[in-house]
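Report on the following structure.
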């Protein structure tokens, strides 16, 4: 099992494409697959541009990362790599100018909403079809937020085939076709047994299952999600105290969740952002509930454990909410506590900070990571800054 | 209060009292019987509940024994529990959840000898909590089964729980298992009106006003959620009876009672109406007929075919009316005779009044013929008008009597001229007859003949009242009356300085046939009063014995006529 380590290393120059990819995944085999089938085991709304620009789960992230491309890419170590742009220059007066590849182009309106992603953007304008200029306020480093999915766009690779089975990417001549197969809520073992070549999973039981299957290679992906407990109200900190003991936090990672988990480790992107309001809302009528998204098993286990460790007589309940209800609960901020899985890395801290209630105190609980189960002979894959896999174009 | 109302109220009371007693009796008997029936059913239900609880306890016990049998053979459990082998840790945590589902339990907990939860089925993440009280107290509970209030992550859970224990590798473990209590209690109730609920410290059954507790079955109770330490307490299985059915029956009886009352009221109204039509209407008819009887209308018929009291009363009234008819006939005959007499006397009186001027003229002629016959033609010419006037008066009188009922021919009358003519014809015999006639006097609206009769009677009476006195004065005054908004009229005052009248004389002065004069007919003032009333006038008398009398006559004036 290959473990990828990620230590962000900012760079301001393109990486030579010939260098070995430190984030690459290669499941070597003498024979290459004609079609590379990726099983997407979570619900995917592939027609939705909103989902494309802001994926809601690992499957959407994997699909849209391969359908959409950014001006630049960040690899698993935070290294800037060419994306739609293959060269870029910096002028202290004009800012960063990116020159796109020959077959790439941007619409004139691209970048108009960049300041929504990162507030330090001064301007992001399309100079012409193949040149983009980005100027930042008070910093000269390369604008890494350009790798955020919110600024991605489809390019070149037109999907063929469609619902209900999946989406097939038309490959360049001689390349392996990639087929994204929709199997929402399906059993990953069944998917692999039916011929899927790639499954991204956070289920240790699946990793156990394939450990004895020689045709698969298992890659451990970077820590990609940090679960936090977000407390609100006058009793803020009470649950954090119950969970803060080292043994308890260790137990959370080791026993409470059925996932590859560890005790959460800093740094946390929200520590540096000013987007999290520090003012406490008056929540005297807070509901005695610890809420979580009910499609998130890890969040549920953590919420249950929080309830189990809460002081006796507190009357706390763990309640799973669907996505819309949970978003409304976060906006309302009237629940006693929230268990939220935040991205481990963020290029848009202010946007991602909206995933927790304003003014809430965050207690990082555990980090989790996924595993990529790849059939040997698959085309080379690379791991992006946020742990998402990308099929390497040849 | 009318007869019909009395009848209605009487019928109402007579019917409603027994009806109310019947409704009360039905309600009371119904409640007594239903309560007795519920008591009997609850008695059997309590037995069923106790049996069911015991059976549930036995079932939980047998399931726990089966689990223990499996656990003691399970090597992975042994490794995780005894050696804390990391690879088996997750198996241990998940064990209770899996086993609980397989064994049909709602609660399963495995604890070590220190009371630490190793695995919890209903709440996987409850591990490592220390709850030694639960198995200890359960073991001491009567029947080794208790109602345990614990929780799942989502909600509190009430379970009928038992405890068992086993040894693995020389260490003691306890297993607490249970089944959800409330669904089982719900299944016990097949009857709509009975409900079974759990009461325990901190929770009493929701008592509504429409339910009553019939039986309480005690049950050992442990509350793991109180936050104040766990102690063995007592819960109760409470069997309550919903009073809904009884109240519905009572409402139904009440409703029918109200319907009966309504029908009774309606029937009473109809009956009262019918009876009143049979009784009060004939009485009302009799009263109406009786009220219409007077001497002119004695033709009411009181014939009746009824043989009851009303028929008898009707016949009595008929007899009375018949007697009245006979009496009235006799009275009218007497009146007729009296009227003829009155008429004769009036004719006599009027003719005398008409003959008096003629006699005076004839006396004058005789006197002239004796004393100076040469003057007779001149005197004749002078008094001829008086003779013509008297003859005309008598002729008119005769015409009027011929008509039996003199009619009033209202016309403008010159009162001053009439006064002067009447005074000319009165034999004053040395008394002073003086006048004070208003030149602005309007014509009176009346009949000249009637007015003349009034004046002749009043002046004649005034002269007569002077009696034997040689001195005395009779004064006739005319003046306009009314004004100031009152209808205009003519006032004639005849005043004398005669003997006057006492109070008694005045009271009888206008009675027929009363006269204070030796040769009087007693009709003069009576006729005057009738004539004045016929002319729509008024008569007032002012008199004082020894001083004199004033007759004041007010007559309506002719509104269109000129003043004289």
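Taking Cα atoms of the protein assembly as shown, Rg/Rh with Kirkwood Rh, to two decimals?
Dividing the radius of gyration by the Kirkwood radius yields 1.57.
For chain B, what does the relative contact order come out to in percent, with C-alpha contacts under 8 Å and a separation of six or more?
9 percent
Most exposed first by the Cβ proxy, i.e. fewest other Cβ within 10 Å, how do B:395, A:42 rank?
Fewest to most other Cβ atoms nearby, the residues stand as B:395, A:42.
As a check on your grasp of the helix formula, calculate [θ] at 222 nm for chain B: sum -39500 (n - 2.57) over DSSP H runs of n ≥ 4, divide by the residue count, round to the nearest 500.
Helix-only estimate at 222 nm: -18500 deg cm²/dmol.
Shape verdict for the range A:294-349, please, from the Cα gyration tensor: rounded (a/c under 1.5), prolate (a/b greater than b/c) or oblate.
Prolate, because a/c is 1.5 or more and a/b exceeds b/c.
Report the Cα-based extents of the range B:48-155 along its three principal axes, largest first, to the nearest Å.
Here the spans come out as 48, 27, 25 Å, largest first.
Report relative contact order for the range A:137-268 in percent, whole number only (criteria: Cα-Cα under 8 Å, sequence separation at least 6).
12 percent
Based on the alpha-carbon gyration tensor of chain A and its eigenvalue square roots a ≥ b ≥ c, which shape applies: rounded if a/c is under 1.5, prolate if not and a/b is larger than b/c, or oblate?
oblate
When a/c reaches 1.5 or more, the comparison of a/b and b/c decides; with that in mind, is the range A:223-369 rounded, prolate or oblate per its Cα gyration tensor?
rounded
Cα centroids of the range B:205-281 and the range A:245-277: how far apart, whole angstrom?
60 Å
Sorting B:384, A:181, B:289 on the 10 Å Cβ count, fewest up front, what's the list?
Ranking B:384, A:181, B:289 by Cβ neighbours within 10 Å, fewest first, gives B:384, B:289, A:181.
Which translational diffusion coefficient, to the nearest whole µm²/s, is obtained for chain B from the Stokes-Einstein equation, given a Kirkwood hydrodynamic radius over C-alpha pairs, 20 °C and 1.002 mPa s?
In µm²/s, the coefficient is 58.
Give the relative contact order (percent, whole number) for chain A; include only Cα pairs under 8 Å separated by 6+ residues.
So the answer I get is 24 percent.
Please report how far the C-alpha centroid of the range B:56-87 lies from that of the range A:376-390, rounded to the nearest whole angstrom.
Taking the Cα centre of the range A:376-390 as reference, the centre of the range B:56-87 is 44 Å away.
Stokes-Einstein D for the range B:136-177 at 20 °C, 1.002 mPa s, Kirkwood Rh over Cα pairs, in µm²/s?
187 µm²/s
Please express the Cα-Cα pair-distance distribution P(r) of the range B:408-556 as a list of whole percents, one per 10 Å bin, running from 0 to the bin with the greatest distance.
11, 43, 35, 10, 0
Fewest to most neighbouring Cβ within 10 Å: what's the order for B:443, A:51?
Fewest to most other Cβ atoms nearby, the residues stand as A:51, B:443.
Rule-based calculations on the coordinates, nothing more; no lab input. Just so you know, these numbers come straight off a predicted model, no measurement behind them. Virtual Cβ from ideal backbone geometry, glycine too; neighbours counted across all protein chains shown.
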